[in-house]
Amino acid sequence: MKEKILLFIFMVLVGTQVLQAQTVRITGKVTSAADGMSLPGVQIVVVGSTVGVITDMDSNYALNVPATATTLRFTFVGMSPVVVEIAGRSVINVVMKEDVEVLGESNCPRVQHQG
């Protein structure tokens, strides 16, 4: 009986190590191209999955991605989305540019006041 318990504990420990080896931790910072300022609240998602995170108040992020993941997508209101290949990197810093089409007046509905 003792051998079965030890074997079970060994299998659990080995299984845990295998599961941990199947993810990769990626960290980085996201800034604005216009002024180099931080962008808190940028959404980072592993393309083709539901794995994601948002940047903190200092614009930093940390994300555990599946080892098979190949691409990250960065989105933020008023900025053009950025798609980045992971390519074996563990640190990915991103600079986002303003999305001129989103910020332009032509996309804003005009409010007509009745008076």
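The values are calculated or read from the model by the stated rules, or taken from the named source; none is laboratory data. These numbers were taken from a predicted model, which means no experiment stands behind them. Cβ sites come from the backbone with ideal geometry, for glycine too, and all protein chains shown count toward neighbours. What goes into the accessible areas is simple: the full protein's heavy atoms, side chains included, and nothing from ligands, DNA or RNA. Shrake-Rupley method; radii C 1.70, N 1.55, O 1.52, S 1.80 Å.
Structure values in brief
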read-out	value
Segment Met57-Asp99, extension gain: residue separation times 0.36 nm, minus the distance between their alpha carbons	13.0 nm
Net charge over other residues, Cβ less than 12 angstrom from the Cβ of Tyr61 (K, R count +1; D, E count -1)	0
Probe 1.4 Å - accessible area at Val51, Å² to nearest ten	40 Å²
